[in-house]
Amino acid sequence: MTRLVAMVSVLALSTWVGCSARISPPVAIVRQPWSTAAAPSAEAVVSEGPVSEGQVVEGQVIEAGCTFNASQIKGVPGSMHRVACPANCRETGTTWGTDVYTADSPICRAAIHAGLVSDRGGEVAVILEPGRPAYRGTTRNGVESSDYGSYRASYRFAGTPVAAPPPPVETAQIIEAGCSFNALQLKGGLGSMHRVACPAGCREAGTTWGTDTYTADSPICRAAIHAGLVNDRGGEVTVVLEPGKPAYRGTARNGVQSSDYGSYRASYRLRR
């Protein structure tokens, strides 16, 4: 009888413990966001000096294809995004700009142009930037990029040196132009002044119409050589927008032949 009571007591105790275990409230598991006390790993963050102000660092690496560009990245200017490039992107698409690229330029081809990856692929950190009034094309690392005018958005790569914006000249921002850049790509009213920085090698780029006053579609840097304000090594000029004229006279100056032209809707002249 005593043995039977003991067995009943043990059975009751076991049942009570089992029930207690089943009805215990669950323990919540909360994923804590990054904080200063628990920063992301070094692999997820790319140090970038001045860009760190307002910078958004995306921890996830984007496994991109050769056609992927910054227009497909969701982020604000200053945000940083890691992109992994595949091999064989050197010949894919068209790239516009140097160091700073139009947002629709394929990222992996631009990264080869910038010298940050080879045609075997690799990872880069892309920093979104606002649009610019002009983009200068160059040939680097076997990739030719093209000139472009104004575009709504840009990007650059972390670790690529980009000069700080220079102080404004009167009402104009300095525009890092390519040889094909002309006054039709400038935004401003008649009389507005725009400071343009010309690269080297523009003497043979395009056709120029006029003398002292040029048609608005004449390449600015070639006209500046014609006017004697810069040489073929490049330099800076101020462009003043003017109304169209009924005729433009061509001349040969400083190794540049400009051509005659009839009426044109808009003009510009140059000054130092």
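No value in this document is a laboratory result; all are computed from the given coordinates. Quick caveat: nothing in here was measured; it's all calculated off a predicted structure. Neighbour counts are summed over all protein chains in view; Cβ atoms, including those assigned to glycine, are modelled from backbone coordinates with ideal geometry.
Neighbour counting of Cβ atoms within 10 Å sorts the residues Arg272, Arg140, fewest neighbours leading, into Arg272, Arg140. With neighbours defined as other Cβ atoms within 10 Å of a residue's Cβ, the residues Thr215, Thr208 order from fewest to most as Thr215, Thr208.
Here is the tail figure for the stretch 175-271: Cα pairs spaced more than 23 Å apart come to 12 percent of all pairs. With a Förster radius of 25 Å applied to the C-beta separation of Ile62 and Arg140, the computed FRET efficiency comes to 0.60. Ellipsoid semi-axes for the stretch 85-162, based on the Cα gyration tensor and the rule √(5λ), read 19, 13, 10 Å when sorted largest first. Loop-resident trypsin sites (Lys or Arg not before Pro) (DSSP state other than H, G, I, E or B) in the stretch 65-123 with no more than 14 further Cβ atoms inside 10 Å of their Cβ: Lys74, Arg120.
DSSP finds beta bridges in the stretch 175-271, and of those with both partners inside it, around 90 percent are antiparallel.
Rounded to the nearest whole Hz, the Karplus-based 3J(HN,Hα) values (6.51 cos²θ - 1.76 cosθ + 1.60, θ = phi - 60°) of the stretch 76-83 follow the sequence 9, x, x, 6, 10, 9, 7, 10, with x at glycine and proline.
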